[in-house]
Amino acid sequence: VQLQACGGGVVQTGGSLRLSCAASGRTFSRGAMGWFRQAPGKEREFVALLRGDAGRTYYLDSVKGRFTLSSDNAKNAGYLQMNSLKPEDTAVYYCGARDIWNVQYYNPNHYNYWGQGTLVTVSS
């Protein structure tokens, strides 16, 4: 199983980026696929998630209304549209996936698969 993440870059405050995560080798229709981020000196934190078995989305409170998840089942890919970016959004963003849904969806330790990370830098 591989997750390929891309789409990071450098933007100014208020700008937008779209991250992509392409999965190969497995689908996560009973689990979940989403995004975490890790800023320098900080732990990896949950950002957004699509629950595969219910089609429900979950977001970190600080990104609600700014970030939007979408998916393309035919391509087995997920996307994170990030608008109104802020300097505090600066981090390496990782797509993660798990085979079976778990209520602790916010805990990165419960994820089976990870992409390589893509850097998002928001300048003030």
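The values are calculated or read from the model by the stated rules, or taken from the named source; none is laboratory data. The model shown is predicted, which means the values in this text are computed figures rather than measured ones. Note that each Cβ is placed from the backbone with ideal geometry, even for glycine, and that neighbours are counted across all protein chains shown. To get the accessible areas, we keep the full protein, side chains included, count just its heavy atoms, and leave off ligands, DNA and RNA. Shrake-Rupley method; radii C 1.70, N 1.55, O 1.52, S 1.80 Å.
Some observations on this one:
- Per-residue surface analysis assigns Arg51 an accessible area of about 50 Å², computed on protein heavy atoms at 1.4 Å probe radius.
- Projecting the Cα atoms of Val1, Ala48, Ser16 onto the dipole axis of region 1-50, where Lys and Arg carry +1 and Asp and Glu carry -1 at the beta carbon, places Val1 farthest toward the positive end.
- Ligands, DNA and RNA aside, Leu60 has an accessible area near 40 Å² when probed at 1.4 Å.
- Taking every protein chain into account, the 1.4 Å probe leaves Met33 with about 30 Å² of accessible area, to the nearest ten.
- Model label sites at Arg26 and Val10, defined 7 Å from Cα along the beta-carbon direction, differ in position by 3.7 nm.
- Phi to ³J(HN,Hα) by Karplus 6.51 cos²θ - 1.76 cosθ + 1.60 over region 88-101, Hz, x for Gly, Pro: 6, 7, 4, 4, 8, 9, 10, 8, x, 8, 9, 6, 10, 4
- Point-charge dipole on Cβ atoms (K/R +1, D/E -1) for the chain, about Cα centre, debye to 20: 140 debye
- Amide H to amide H distances under 5 Å link Tyr113 with Ala97, where only residues 5 or more positions off or on other chains count and H is placed in the peptide plane.
- Rounded to whole Hz, the Karplus (6.51, -1.76, 1.60) HN-Hα couplings of region 26-34, x for glycine and proline: 6, 10, 10, 5, 9, x, 7, 9, x
- Taking the square roots of five times each eigenvalue of the Cα gyration tensor of the chain, the equivalent ellipsoid has semi-axes of 23, 14, 13 Å, listed largest first.
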